[in-house]
1. Among the residues of the stretch 275-301, write down those that are in a loop (DSSP other than H, G, I, E, B), closer than 29 Å to K403 by Cβ and under 13 Å from the mean Cα position of the chain (by Cα).
2. I'd like to know if the stretch 302-322 contains one or more residues that are closer than 17 Å to L243 by Cβ and part of a strand (DSSP E or B).
3. Listed residues N310, N239; which is among the polar types (S, T, N, Q) and over 29 Å from E126 (Cβ atoms)?
4. So which of D334, D367, D349 is under 30 Å from F275 (Cβ atoms) and either part of a loop (DSSP other than H, G, I, E, B) or modelled with pLDDT of 95 or more (or both)?
5. Kindly indicate the residue of the stretch 237-259 that is surrounded by fewer than 21 Cβ atoms within 10 Å (Cβ to Cβ) and either within 22 Å of the chain's Cα centre (by Cα) or closer than 16 Å to S190 by Cβ (or both) and also modelled with the highest pLDDT among those meeting that condition.
6. Looking for whichever is closer than 21 Å to D396 by Cα and touching a strand residue (DSSP E or B) at 6+ places or on another chain (Cβ under 8 Å) here; the options are I289, I264, I302. Which one fits?
7. Considering only residues of the stretch 158-176 that are aliphatic (A, V, I, L, M) and over 18 Å from T123 (Cβ atoms), which is farthest from the chain's Cα centre (by Cα)?
8. For residues in the stretch 313-335 being surrounded by 20 or more Cβ atoms within 10 Å (Cβ to Cβ) and not aliphatic (A, V, I, L, M), which is nearest to G133 (Cα to Cα)?
Amino acid sequence: MKRWLAGSIAAGLIFLSAVAMGGFEKTVVKKAAPQQDFYNQAQLFAEAINILRNEYVEEVDSKKLIYGAMKGMLESLDDFSQFLEPDEYNEIKVETKGEFGGVGVEITLKEGILTVIAPIAGTPAEAAGMRAGDRIVKIDGKSTKKITLDEAVKKMRGKPGTVVTLTVWREGPVNVIDIPIKRDIIKIRSIKKAEIIEDRIGYIKLAEFQENTPRDLDEAIKKLKIAGMDSLILDLRNNPGGLLDGAVDIAERFLGKGKPIVSIKARDPGQNAVFKSGGRAAGADFPMIVMVNEGSASASEIVAGAIKDNKRGIILGAKTFGKASVQTLIPLRDGSALRITTAYYQTPDGKMIKGEGITPDVIVASDTDGKSKAEDIFEKVEKPQEAVPKKDNQLDAAVNLMKAIRTYGP
């Protein structure tokens with residue numbers, strides 16, 4: 001069974017030979033047949049395994065050896081492909097139900113450093129002050145250098161009520177900050193806030209894309225319309241994504257029938273697909289601004305890209321994370337699983353999201369924007385200190401822009 005979440009194994013061997021031609025030499029390049037090359041590489045792997053079993057100083061646990069090799073193999077492909085041991089795969093299945101134990105933060109490996117995609121809305125990580133882009137350099141005082149995603153998740157999970165201290169690198173006067181977080185049962189709610197914030201302007205904070213998100217959004221829009229809403233600010237900041245179907249369903253709430261939402265580009269052209277709106281536009285009749293930042297990823301980028309390319313609304317904030325790729329979970333016979341990237345997303349205009357992100361129509365930097373070189377992260381240590389922004393300048397800018405749009409038009 002496969003479940004969608006939001007290159008070849010090896011290059012051919014090259015042989016060179018010189019052939020005399022009228023006093024000149026012509027270099028002839030031949031590639032080994034792909035199937036033969038695969039067997040050659042597989043034999044090399046088997047040879048290494050055999051040597052380790054027979055020559056390593058201690059007796060080798062075969063399962064540990066194979067699992068380690070598979071982890072390294074998947075991690076060598078991209079930042080999001082993973083080999084999941086049985087207990088790790090079970091944790092993934094628990095997470096998709098919307099409730100699990102931990103601190104509530106979406107993480108990835110970026111340039112080899114454990115990086116926060118976004119804290120999940122309403123969780124201990126958000127309450128403690130974790131921010132999108134934070135580089136986690138220590139967990140409970142131990143360095144995360146060369147840590148795997150699986151190891152990081154295990155270290156941050158724990159019994160509710162216990163405390164884990166994350167040491168993060170963050171741009172600012174003080175770069176290294178200790179953030180203690182009390183673990184809790186994480187219950188993910190797709191819509192964190194839905195209210196009229198000012199002068200009939202509706203505001204919806206969408207925290208994550210789940211199976212019930214479209215239904216929740218319909219209810220929120222209905223409630224705001226009854227309250228007199230005549231325009232909407234959809235806040236996708238720090239929304240790490242979720243299910244592809246959820247992103248498509250959300251986008252079509254604001255688009256007319258037949259409008260393109262996203263396309264999928266796979267290795268096999270036969271698996272390419274274009275998703276279009278089915279015309280369930282519950283909120284297509286009023287001005288709209290979509291807010292994004294560096295913590296908006298995957299499904300969030302699909303929605304923002306669809307709104308932008310279809311000129312349905314204005315995108316405001318900071319450039320998004322640039323994750324948008326399809327991960328497929330494929331169970332293996334012993335209860336473990338592969339989580340592999342099987343396709344990339346493109347916006348309706350054909351722009352690749354992976355590595356590029358969505359650039360807002362109106363760029364408004366937050367108080368936390370900034371970058372540092374990866375090689376500096378583990379070398380600088382300063383006294384822990386926390387700095388909290390006093391106001392939401394991006395939301396203020398969105399409200400002011402919406403007032404101008406209603407007065408003068410887009």
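1. Across the stretch 275-301, the qualifying residues are N293, E294, G295, S296.
2. No, the stretch 302-322 has no match at all.
3. On the way: N239 fails: over 29 Å from E126 (Cβ atoms).
None of the others qualify; the one that does is N310.
4. Details: D334 fails: under 30 Å from F275 (Cβ atoms); D367 fails: under 30 Å from F275 (Cβ atoms).
One residue alone meets the criteria, D349.
5. Start the filter on the stretch 237-259 by keeping residues that are surrounded by fewer than 21 Cβ atoms within 10 Å (Cβ to Cβ), which leaves 243, 245, 253, 256-259.
So of that shortlist, the ones also either within 22 Å of the chain's Cα centre (by Cα) or closer than 16 Å to S190 by Cβ (or both) come out as 243, 245, 253.
Working: L243: 81, D245: 86, R253: 92.
For the stretch 237-259, the residue satisfying everything is R253.
6. On the way: I264 fails: closer than 21 Å to D396 by Cα; I302 fails: closer than 21 Å to D396 by Cα.
Only one candidate qualifies: I289.
7. Residues of the stretch 158-176 aliphatic (A, V, I, L, M): 163-164, 166, 168, 174, 176.
Now narrow it down to the ones that are over 18 Å from T123 (Cβ atoms): 174, 176.
Numbers: V174: 27, V176: 24 Å.
Checking each candidate, the answer is V174.
8. In the first step, residues of the stretch 313-335 are kept if they are surrounded by 20 or more Cβ atoms within 10 Å (Cβ to Cβ); the result is 313-318, 320-321, 323-327.
Add one more test, that the residue is not aliphatic (A, V, I, L, M), and what stays is 313, 317, 320-321, 323, 325, 327.
Numbers: G313: 26, G317: 15, T320: 11, F321: 9, K323: 13, S325: 19, Q327: 22 Å.
That would be F321.
The values are calculated or read from the model by the stated rules, or taken from the named source; none is laboratory data. What you are looking at is a predicted structure, and each value in this text was computed from that prediction instead of being measured. As a convention, Cβ positions derive from the backbone with ideal geometry for all residues, glycine included, and neighbour counts pool all protein chains shown.
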